[in-house]
1. Per-residue ellipticity at 222 nm for the chain, helices alone: DSSP H runs ≥ 4 residues times -39500 (n - 2.57), over residue total, nearest 500 deg cm²/dmol?
2. Show me the ranking of peptides 119-129, 208-218 by mean Cβ neighbours inside 10 Å, starting with the highest.
3. Sequence gap at least 6, Cα distance under 8 Å: using those rules, report the relative contact order of the chain to the nearest whole percent.
4. Kirkwood Rh over Cα pairs of the chain into Stokes-Einstein at 4 °C, 1.567 mPa s: D in µm²/s?
5. Using Cα positions and a limit of under 19 Å, work out the aspartates and glutamates in reach of LYS70, with same-chain residues fewer than 8 apart set aside.
6. Using a 7 Å offset from Cα along Cα-Cβ at ARG162, what residues in region 116-141 end up with backbone N under 14 Å from the label point?
7. Roughly what would the spin-label model give for LYS122 and SER210, points 7 Å off Cα along C-beta, in nm?
8. Can you tell me the length gained on complete extension of the stretch HIS134 to GLU114, counting 0.36 nm per residue apart and subtracting the Cα distance?
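The values are calculated or read from the model by the stated rules, or taken from the named source; none is laboratory data. All figures in this text were calculated on a predicted structure; none of them were measured in a lab. As a convention, Cβ positions derive from the backbone with ideal geometry for all residues, glycine included, and neighbour counts pool all protein chains shown. For the accessible areas, the whole protein counts, side chains as well, though only heavy atoms, and no ligand, DNA or RNA atoms are used. Shrake-Rupley method; radii C 1.70, N 1.55, O 1.52, S 1.80 Å.
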Amino acid sequence: MYISDLFKKDRTIFSFEVFPPKKTSSIETIYETLEGLSDLKPDFISVTYGAGGNRSDSKTCQIASDIQEKYGILSAAHLTCVYNTKEDIDFILKELKTHGIHNILALRGDINPEFPVKKDFKYASELVSYIKSHGDFHVSGACYPEGHGEAESLIDDIKNLRKKVEAGAEHLMSQLFFDNSHFYDFLEKARIAGIEVPIEAGIMPVVNKSQIERMVSMCGASLPVKFSKMMQKYEHQPEALRDAGIAYAIDQIVDLISNGVDGIHLYTMNNPYVAGKINDAVRSLL
Ligand code: FAD
């Protein structure tokens, strides 16, 4: 099944994202997470691909395969290109196909100035068209409600996003954001630019202080005053901070669903407790 088929139904799609365990942990640690998440019956689960990851140590394919085979849930494998050659991508596509994975989130990947990039792919759009011409895959792409950090402006970024869709991306998943007005503004501009594919809103429940510091430095999402006040008030009360972060994410999701968003992509941070609380609160609204 392809992810785009899900959007043919008249309801809001609810999907999850997980990441493979760190190199120092055993792959088994992910199965506890998947046990909990699969009970929540998301429409699909996507599995990240390590930044600068190489084809031989990536656990993405194995985990994406298990999500489908062991838990009966559709999966999507993330795949980045700036540190891969065409030969690497051919190898990975073959592996994905062998494991019955037909949905790929095609990404450029972040560039680490300490490591020179490979020359075969410069932008995600090049990976999208390469995948589309090399097999029977549904390809998704990433998008940025506040603009990608390297783009001159949101408009420039949307023009580039359009190239990614023209290259064959059939569905988009957004970067996380904490102010829904950024998403609505982006959505309006993207639609005016002729981008018609389904766009899922990326929501990350922030449940501890170190997470927010790391996330904001990595993705540059702006923090509304309401959110910062909440973080400040509860920064020394871990349980209250967790519950406030869950409530904030639920509030964002209820508003997004009420405004007719195509789907919600929940960055679960491999935490089934948090995903479960959000699922319980919004399931009847989807
Ligand atoms: P692109 O679409 O290539 O865009 C990158 C920049 O180039 C943008 O500024 C864009 O405006 C510009 N650009 C694009 N095309 C052109 C063009 N033709 N001419 C000029 N400029 C252009 N990273 C990982 O390492 N692993 C993951 O699993 C992962 N998962 C992610 C999931 C989601 C939902 C999101 C939103 C991000 C994810 N990332 C992941 C991070 C992503 O790799 C970075 O944000 C990266 O910096 C950009 O990737 P992209 O695919 O959006 O790149």
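1. Per the formula, -13500 deg cm²/dmol.
2. Top of the packing list down: 119-129, 208-218.
3. Computed value for the chain: 20 percent relative contact order.
4. Values: Rh = 19.3 Å.
Once the numbers are plugged in, D ends up at 67 µm²/s.
5. Partners within reach: GLU17, GLU28, GLU32, GLU35, ASP39, ASP43, GLU95.
6. Taking a point 7 Å out along Cα→Cβ of ARG162, no residue of region 116-141 has its backbone N under 14 Å.
7. Here the modelled spin labels are 3.9 nm apart.
8. Details: separation 20, 0.36 × 20 = 7.20 nm, distance 3.10 nm.
Contour length minus the Cα-Cα distance gives 4.1 nm.
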